[in-house]
1. For the chain, what is the calculated [θ] at 222 nm in deg cm²/dmol (nearest 500), taking -39500 (n - 2.57) for each run of four or more DSSP H residues and dividing by its residue count?
2. Would you work out the relative contact order for the range 2-113, in percent, from Cα pairs under 8 angstrom that are 6 or more residues apart?
3. Using 0.36 nm times the number of residues separating residue 8 and residue 137, minus their current alpha carbon distance, what extension gain do you get?
4. Connecting C-alpha atoms closer than 10 Å in a GNM of the chain, tell me which of 37, 107, 117 has the biggest fluctuation.
């Protein structure tokens, strides 16, 4: 897997994928329709692409996921605004591979930040397994951080 900045011509595919991915949250504690802002909006994703924040996750020529990433002005920190894997690829290790790509493709970043809803059992377990540590829990969200100096405890599946 590799990530590249998303082409605007891929945005509609990414939005379709986003809808399929986030609709599965009802299976892990979510309420139908309780999805991230803009998850189903083409224009919002186009804006993220124009601003250089939207990345597409590829395996060969196949689009399998996406991420919205924000670098701070010093390039020392990355905020992972969103990751998604198309629901047809769930439970195949692609989320782990996407997170590995993000961490590898920003070698100057010393730390990574993200948040996820408290109710989402799947994402909370996932980020903890990847070595992310809870910074705080506030307003229904768990805020995580991972420093590159901390050991990577990603477990690979064969």
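Bear in mind these aren't lab numbers, they're just calculated from the coordinates by the rules spelled out. Given the structure is predicted, the values throughout are model-derived calculations rather than measurements.
1. It comes out at -8000 deg cm²/dmol, rounded to the nearest 500.
2. Values: 161 pairs, mean separation 30.7, N = 112.
Result for the range 2-113 is 27 percent.
3. On the way: separation 129, 0.36 × 129 = 46.44 nm, distance 3.48 nm.
Full extension from residue 8 to residue 137 adds 43.0 nm.
4. Of the options given, 37 has the highest mean-square fluctuation.
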